[in-house]
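What follows is one structure encoded as structure tokens, with my remarks underneath.
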Amino acid sequence: MLAVRNLEVVYNDVILVLRGVSLDVADGQIVALLGANGAGKTTLLRAITGLLDIHDGEITKGSVTLDGEPIHQHGPTKIVNLGIKQVLEGRRIFSELTVDENLRVGAHTNPRNARQNIDRIYDLFPSLRGRERATAGYLSGGEQQMLAMGRAMMSEPRYLLLDEPSLGLAPLLVQQIRDLIVEINKQGTTVLLVEQNATMALSIAEHGYVLETGKVVMDSPAEELLADSDIREFYLGLG
Ligand code: ATP
């Protein structure tokens with residue numbers, strides 16, 4: 001179990017962005033993290049994966065634990081090695097490299113099963129199969145997102161943290177990404193899904209959290225959030 005407790009995060013020693021956030025991600029689940037722009041969702045992912053430092057951010061209170069052991073003092077490589085992998089917002093693939101090369105880069109922390117994992121990823125993402133030698137920068141937005149997710153899966157993560165995977169994608173592709181997340185989860189990876197597309201996220205998540213200016217304002221089973229009138233109005237646009 002991944003657990004965040006009373007977490008406070010500050011950028012540049014002054015700007016308090018997370019103000020006592022607690023969140024649980026139990027093994028096997030898909031958990032949705034919702035909230036408006038600037039609510040602190042990406043910051044929470046960075047705090048879990050050890051990426052705050054490079055953004056001049058710092059945890060000033062609280063903890064992140066994995067199976068009860070604190071991990072918030074660890075750097076990003078150690079955290080990946082513990083099985084927690086983040087796919088950054090904006091599909092940071094290596095655009096000059098081929099699809100295959102991108103996947104091989106993803107194997108650097110887990111080189112032993114590389115060939116087998118690459119096969120598994122092409123099975124999961126059939127639209128990448130046959131494009132092995134294509135330059136990644138020429139793939140469509142949806143394919144780039146799949147490649148970014150596939151690259152993350154090369155480290156065989158126990159937890160996959162996705163930052164807005166559907167951003168900017170057409171509805172059909174959003175559907176494909178949604179199905180992929182479900183499949184990845186079925187195959188045994190626990191998912192923490194940050195999404196602006198609350199409908200998509202809540203349709204596959206068991207549990208959801210809503211962040212507002214650095215605080216958790218809702219923490220409920222996904223079906224309760226889907227039925228909540230405030231959520232329907234503010235996040236689903238359903239009035
Ligand atoms: P978005 O959907 O826009 O990514 P978010 O909910 O992920 O929003 P964050 O990106 O975590 O929100 O940002 C939370 C707040 O922290 C914002 O006010 C943002 O301006 C601020 N912030 C983010 N990164 C930094 C940084 N490196 N230095 C200073 N402030 C930052």
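Rule-based calculations on the coordinates, nothing more; no lab input. Every value quoted in this text rests on a predicted model; they were computed, and no experiment measured them. Heads up, the Cβs are rebuilt from the backbone with ideal geometry, glycines too, and the neighbour counts pull from every protein chain shown.
Per-structure values
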read-out	value
Dipole in debye (nearest 20) - the stretch 1-103, about Cα centre, beta carbon charges: Lys, Arg +1; Asp, Glu -1	260 debye
Long-range HN-HN contacts of Glu164 with modeled amide H, under 5 Å	Val194, Glu195
Shape category assigned to the stretch 103-172 from the gyration tensor of Cα positions, a/c cut at 1.5	oblate
Greater than 19 Å apart at Cα, pairs in Lys186/Lys215; Lys78/Lys215; Lys41/Lys186; Lys41/Lys61	Lys186/Lys215; Lys78/Lys215; Lys41/Lys186
Dipole magnitude of the stretch 18-166 about its Cα centre (Cβ charges: Lys, Arg +1; Asp, Glu -1), debye to nearest 20	160 debye
Charge tally in the Cβ shell below 12 Å around Val216, where Lys, Arg are +1 and Asp, Glu are -1, Val216 excluded	+1
Approximate shape of the chain as ellipsoid semi-axes (Cα gyration tensor, √5λ), whole Å, largest first	28, 22, 16
Calculated FRET value between Gln73 and Arg19, using beta carbons and R₀ = 30 Å, to 0.05	0.90
Normalised alpha carbon radius of gyration of the stretch 178-239 [divisor 2.2 N^0.38 Å]	1.14
Interchain or long-range residues, amide H under 5 Å from Leu18's placed H	Val9
Residue among Gln116, Leu167, Pro126 farthest towards the positive dipole end of the chain, charges placed on Cβ	Gln116
Charge dipole (debye, nearest 20) of the stretch 123-239; +1 at Cβ of Lys and Arg, -1 at Cβ of Asp and Glu	580 debye
Rounded Å value of the spacing that divides the Cα centres of the stretch 112-187 and the stretch 65-83	24 Å
Förster-model FRET efficiency, 30 Å R0, Ala134 and Ala170, C-beta, rounded to 0.05	0.90
Sorted by Cβ density within 10 Å, fewest first, the residues Glu164, Glu183	Glu183, Glu164
In Hz, Karplus ³J(HN,Hα) per residue of the stretch 221-226 (6.51, -1.76, 1.60; θ = phi - 60°; x = Gly, Pro)	x, 4, 5, 5, 5, 4
Using distinct alpha-carbon pairs, which all enter the 1/r mean, Kirkwood radius of the stretch 31-91 in Å	12.4 Å
